[in-house]
Amino acid sequence: MLTSEQNERWTRVGQGTPCGELMRRYWHPIAASMHLPEHGTKPVRILGESLVLYRDRSGRLGLVEERCPHRRGGLVFGIPEETGIRCAYHGWLFDGTGRCLEQPYEALVDPANTFKDRVRIKAYPVEELGGLIFAYLGPEPAPLLPRWDLLVNEDLIREIGWAAVPCNWLQCIENAIDGSHAAYLHGRFSNYVLEQLGAADLRREIGSYFNKSGWEPHKYGILATRISSPGVSEPIGDLVLFPCFPMMADDSLQIRVPVDDTHTLFIWYNTFGAEGRAELRIKEQPPQDPRRAPVYEVPMPKVDEAGGVPWEMMDNNGGQDLAMWHSQGDIADRTKEHLGYGDAGVVLYRKLLEGQIKVVEDGGEPVNTFRDPGANRSIDTTVEKAGGLWFFGRLKGGRVNRTHAARKYSPIYREATRQIEGEEAVSRPIY
C-alpha cells in the first residue's frame, strides 16, 4: 500500500504538480476530427484546464483559454473567421497563437491605437492525426506528435469510441496492466450480468480468460506476456505505450486521457485491416479519410438514486471496466489496498511512472519524447504474439462478437451484425 503523499504525487495532474508536469510533456487527444468536421467550437478540459477548441474557416485548428480577456465572454460562443476565432461579445479576434488581431470598437475610436498588440490569450499547439485531434500543454519547443503505426497506416478503416469517466486517470490505466481481472470481471461477473438480463445462454467460457499473465519492460512502455511454463513467458500482443496509450492485440488503442484529478476521457480507437474487414464482411470501399472516422459514445454505467444497477450497460467488457473504475472512488485510496501476485503489472507501471516523474524533475525528457522526424514517420509497435486472452471477430455459430471492449455501440460492428446475422439481430439488447 502507498502513503497518501505518494498517491497524491501520482494522481494529481494540475499545473505544477509532479504528475501534471510529466503529463504536460506529452501530446494528448482531446477530440475526434468528426467532433469538428467543419468550422465551429467545442469546449474541452484537459489536465485541469478548461479550454475551447475551434476550427476556423480555413480549416485550421486552435486551442485557447475559455474566456476572452476583454470582459470574460465565453469563447465557446466565438465566431470562427478565416483566421482565428472572434469573441461574440465585442468582436475581439484571436489567432491560434493567442495574438489579438482585431478590436473593432477600439479601432473605430482610434485607428492608430496599438492596444491589441499588448493583449494575448493562452493558446496551445494542436495537431490532427489519424482522426484524432491532439493538444500539447507543455514547455516549448514541443516534441513531435508520435506517429504510432495505427494512427498513420493507410490500409485501415477506423472508428472512435468515447466515454467520460468520473474518476482519476491512474485507476483507469492500471486496469490495462492488470491481467488477473479478466477471468473474473470479464468472465464470471460477465456471466452474472447475462444471468440478470435473462441471457444465460450467452455465458462465456471462463477458462479462455484464465491464464497466468506477466509484464515486462519495453522500450515504449510495458509489454504483456503469458506465462506458459515456469520461467517461460510469451508476448500476447498487448503493449502499454507510456503514459496512457494501451495497444490491444495490434489492432486498437484504448487511450486514457487525464481530464482533471477526478475525470478521465476514455477513447476506443479501433482499426480494421484487410483480414478484419473480410472476417466481418465489411464491404470494400474507397480508402477512408481518417478525419471522417465515425465516432460513437459509450454510456457510463452508474447505480441510480434508487440503488438500481444498469445491467444492460455491463454486458460488455467496456461497460464492466467503466463500472469498476468508477466504483473505486473519485481517486482510489491506495493507502488501503493490498496487492497480490496478480498486481505485478500495476507495480511495474508505478515504478515506471515514478521514474519518469523524476526524469522531468531533473530536467530531462521522459520516454516516448520524439524529436527526430526521420524516426517518427511511422513508429512500429508490432509485437510477436503467441495468442491473446480475448475473442475477436466471429464467435462459434457465426455470430458477431460485440462483447469485447464497447463494440455493442460500434457502428461498424452493428453493420457487421446486420450483414452476417440479419436485420433483426441489430435490435437485440445482448450480443
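Considering only THR264, GLY318, PRO246, and ranking their Cα positions along the charge dipole of the chain that arises from unit charges at the beta-carbon of Lys, Arg, Asp and Glu, the one farthest toward the positive end is GLY318.
Here the contact order of the chain, divided by its residue count and restricted to Cα pairs under 8 Å and six or more residues apart, works out to 20 percent.
Pairs of lysines in the chain whose Cα atoms sit within less than 24 Å of one another amount to 13, provided the residues are eight or more positions apart or on different chains.
Carbon and sulfur: what percent of region 1-106's accessible surface (1.4 Å probe)? Walk me through the numbers on the way to the answer.
Values: 2210 of 4520 Å².
The computed percentage sits at 49.
In order along region 341-350, phi translates into HN-Hα couplings of 4, x, 9, 4, x, 4, 4, 4, 5, 5 Hz, rounded to whole numbers, per the Karplus curve 6.51 cos²θ - 1.76 cosθ + 1.60 with θ = phi - 60° and x for Gly and Pro. Taking 0.36 nm per residue of separation and subtracting the Cα-Cα distance, full extension of the segment from GLN6 to ASP330 would add 115.0 nm. Along the axis of the charge dipole computed for region 75-215 (Cβ charges of +1 for Lys and Arg, -1 for Asp and Glu, origin at the Cα centre), the listed residues ALA107, LEU194, PRO146 are led at the positive end by LEU194. For GLY221, the residues whose amide H sits under 5 Å from its own are PHE242, ignoring neighbours fewer than 5 places away on the same chain, with H placed 1.01 Å from N.
Taking the inverse of the mean 1/r over every pair of distinct Cα atoms in the chain gives a Kirkwood hydrodynamic radius of 23.3 Å. Relative protection proxy for 251-262, 110-121, from highest mean packing down: 251-262, 110-121 (other beta-carbon atoms within 10 angstrom). For region 107-208, the set of GluC sites (Glu not before Pro) satisfying both a DSSP loop assignment and a count of at most 15 other C-beta atoms within 10 Å is given as GLU154, GLU205.
Residues whose amide H lies under 5 Å from that of GLU66, counting only those 5 or more places away or on a different chain, are VAL52; hydrogens are built 1.01 Å from N in the peptide plane.
Size of region 82-223: Rg and Dmax of its alpha carbons, in Å, are 25.5, 78. Determine the relative contact order of region 75-222: mean sequence separation of Cα pairs under 8 Å and six or more apart, normalised by residue count, in whole percent. Relative CO of region 75-222 lands at 10 percent. Here's how it looks for LEU129: its modeled amide H is under 5 Å from those of PHE134, which are all 5 or more places away or on a different chain.
How about region 1-67: which chymotrypsin sites (Phe, Trp or Tyr not before Pro) there lie in a loop by DSSP and see at most 13 other Cβ atoms within 10 Å? Walk me through the numbers before you get to the answer.
Working: sites: TRP10, TYR26, TRP27, TYR54; in loops: TYR26.
Taking region 1-67 and a limit of 13 other Cβ atoms within 10 Å, no loop chymotrypsin sites (Phe, Trp or Tyr not before Pro) are found.
On a per residue basis, region 91-156 carries 49 Å² of accessible surface, using protein heavy atoms and a 1.4 Å probe. Entry note, region 1-103: relative contact order of 15 percent, from Cα contacts under 8 Å with a spacing of 6+ residues.
For every helix of n ≥ 4 consecutive DSSP H residues, a contribution of -39,500 (n - 2.57) applies; sum these over the chain, divide by its total residues, and give [θ] at 222 nm rounded to the nearest 500 deg cm²/dmol.
-5500 deg cm²/dmol
Computed from phi, the 3J(HN,Hα) profile of region 135-144 under the Karplus parametrisation 6.51, -1.76, 1.60 (θ = phi - 60°) reads 10, 10, 10, x, x, 7, x, 5, x, 6 Hz, with x in place of Gly and Pro. Computed from phi, the 3J(HN,Hα) profile of region 170-181 under the Karplus parametrisation 6.51, -1.76, 1.60 (θ = phi - 60°) reads 5, 5, 6, 6, 5, 4, 6, 10, 10, x, 6, 6 Hz, with x in place of Gly and Pro.
Annotation: average projected area of region 1-124 is 9.3 square nanometres, based on the convex hull of Cα atoms across all directions.
For the chain, the Cys residues with no second cysteine's beta carbon closer than 4.7 Å are CYS19, CYS100, CYS167, CYS172, CYS244. The DSSP beta bridges internal to the chain are antiparallel in roughly 95% of cases.
Label sites at PHE189 and SER50, each approximated as a point 7 angstrom past Cα along Cα to Cβ, lie 3.3 nm apart.
The values are calculated or read from the model by the stated rules, or taken from the named source; none is laboratory data. What you see is a predicted model, and the numbers here were worked out from it, not measured in a lab. Ideal geometry is used to build each Cβ from the backbone, glycine not excepted, and the neighbour counts take in all protein chains shown. With ligands, DNA and RNA removed, areas are computed over all heavy atoms of the protein, side chains included. Shrake-Rupley method; radii C 1.70, N 1.55, O 1.52, S 1.80 Å.
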